[in-house]
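Below: one structure, written as structure tokens.
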Amino acid sequence: MRRSHVWAIIVAAGGIGLAAWIIIARLPGLRRPMVTQDGHLGVDALEKLPYTFDFDGPHYPEPKLVFEGPFPNLPETMRVYQVGNPAVTEEYVRELARKHFGMPADAEITRSDGRGFYWLRSSTHLFHVDPGNGSFNTDKISRIREDSPETWVKDKYPSKEECGRIAEEYLKTGHLLEPDAYLRGVADNISGSGVMSVGFGRLIGGCKTWGAGAQILVRIGLGGEVVGVRKAWQELIPYRPYPVKSPEEALAELQQGKGLLMNGDSGKVKEITLRYYTSPQKQDYVQPIYYFDCNGPEGGFYGVLPAIKGEYLEPRQDGRGELMAWIMCRECGAIYQINLNQWHAVAEDYVKEHPDSRTPPPLVCQQCGQKTAYRAIECDNCGLIFEAGWKGPDYYDRCSQCGFSKVEERLKERRSRPR
């Protein structure tokens, strides 16, 4: 072979290799993070992440938080994860029900309007799948309900230690226990529901998660029988590391009234850690947050705040222009907002499944994962946020603190108009 031909082949191969390298480098999931002048990892300023933090709640404009230090030594970057949302089909739902709960292949299946929930029913169990995020829930239909808030007898149930063992064994047998799961705790008779609730949390890169999008709940009834299971466990695909705020910066923002404070706004910050936020709604990315463990005059409370530096996040898209609905959890006391259209979709599904019901539809709480969250109202007169509901012949939006009712005021104004 002539020398000129050899060099031509080498040059062509080199050009192909360079082009391939450029193409690969442009793939967002494979490109390496840039290194800044000070040697820290960074990312291109234009590659911003969507603002996916849908938690909201009571905003305290002037929280009084004291941290005596020292500040923890935390990483300067945290990896973000993409969520591999499954393609939920009838075949997918039936396979889940068969694999994990042994439900028969001919079980009746329906799909609701609105958000399109799948419902699979056998003679003993009701299985429910949310196509938005792939989370699922099963309940035994004919379980005994001898107990109630008035007749709760603790010795009819296993101890907390026994419940933990029962739940873990059940999950292992049903191929439901994940390698990155840990036992979070056991709760007695949640809200008088007549069950012991065993909760498993998730570790992502060694960090705990916050939010109901990554958890397993096992409900144990009389005699240690497993009567229900809920699992929300996203498929995570490692994406890229992003710069995060320092603990000092995060605390300063929380003290300025940013982020979310739950159950208090005055006291000492005991611990500052990094966690990952997993929403019960559909997520495209799982991002880190700061978690503040606090203690005040009324007891323990906590705060959360997005951890990624603001210049790497797109502006919040709700713009306060969308109509929002307040939600209040009867179990953990969480108060937050969701899009009103999302509330209407849940309500439509509930009415279809329970056409004769006179009670409001329960939602899965974004914080504790229990189906004990209900529509709430913010009083226009005094600002109190309270659960909406009919109170005998009175108006459903009557404030328990100041007695104001917007519905009543509107009716009065309408009656006073000249005819």
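Which residue, of S246, S197, is touching a helix residue (DSSP H, G or I) at 6+ places or on another chain (Cβ under 6 Å) and either on the phi < 0 side of the Ramachandran plot or outside the structural domain of H100 (by TED's automatic domain parsing) (or both)?
Criteria check complete, one pass: S197.
Taking into account only those residues within region 244-285 that are part of a strand (DSSP E or B) and of a type in the set (S, T, Y), which is farthest from the chain's Cα centre (by Cα)?
Out of the qualifying residues, it is S266.
Restricting attention to region 172-199, which residues are part of a strand (DSSP E or B), modelled with pLDDT of 95 or more and surrounded by fewer than 16 Cβ atoms within 10 Å (Cβ to Cβ)?
The answer is Y182, L183.
Looking at region 58-120, what strands (runs of 3 or more DSSP E) fall wholly within it and have at least 3 residues that are in contact with a Ser or Thr (Cβ under 7 Å, 6 or more places away or on another chain) and surrounded by 12 or more Cβ atoms within 10 Å (Cβ to Cβ)? Steps first, answer last, please.
Values: elements: 64-66, 77-83, 108-111.
Passing ranges: none, list empty.
Results for (1) in the same structural domain as P50 (by TED's automatic domain parsing); (2) of a type in the set (A, V, I, L, M); (3) under 14 Å from W210 (Cβ atoms), shown as yes or no for each residue.
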site: S266; (1), (2), (3): yes, no, no
site: E271; (1), (2), (3): yes, no, yes
site: P288; (1), (2), (3): yes, no, yes
site: G296; (1), (2), (3): yes, no, no
site: A307; (1), (2), (3): yes, yes, yes
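State all residues of region 200-238 that are surrounded by fewer than 19 Cβ atoms within 10 Å (Cβ to Cβ) and either in contact (Cβ under 8 Å) with a residue 40 or more places away in the chain or over 22 Å from Y277 (Cα atoms) (or both); if no residue qualifies, say none.
Hits for region 200-238 are G205, C207, K208, L222, G223, G224, E225, E235, I237, P238.
Under 8 Å between Cβ atoms, which residue pairs at least 6 apart in sequence (or on different chains) link something in region 83-95 that is within 17 Å of H128 (Cβ to Cβ) with a partner that is among the hydroxyl-bearing types (S, T, Y)?
Close Cβ pairs satisfying both conditions: P86/Y92; V88/Y118; E90/Y118; V93/Y118.
When you scan region 325-341, how many residues do you find that are in contact (Cβ under 8 Å) with a residue 24 or more places away in the chain and assigned to a strand (DSSP E or B)?
Count: 9.
Please pick out the residue among L274, L305, L260, L340 that is touching a helix residue (DSSP H, G or I) at 6+ places or on another chain (Cβ under 7 Å) and of a type outside the set (V, I, T).
L305
Out of region 110-169, which residues are at pLDDT 85 or above, β-branched (V, I, T) and more than 30 Å from V346 (Cβ to Cβ)?
Scanning region 110-169 gives a single hit, I166.
The values are calculated or read from the model by the stated rules, or taken from the named source; none is laboratory data. Small disclaimer: the values here were computed from a predicted structure and weren't measured. All Cβ positions, even for glycine, are placed from backbone atoms using ideal geometry, and neighbour counts span all protein chains on display.
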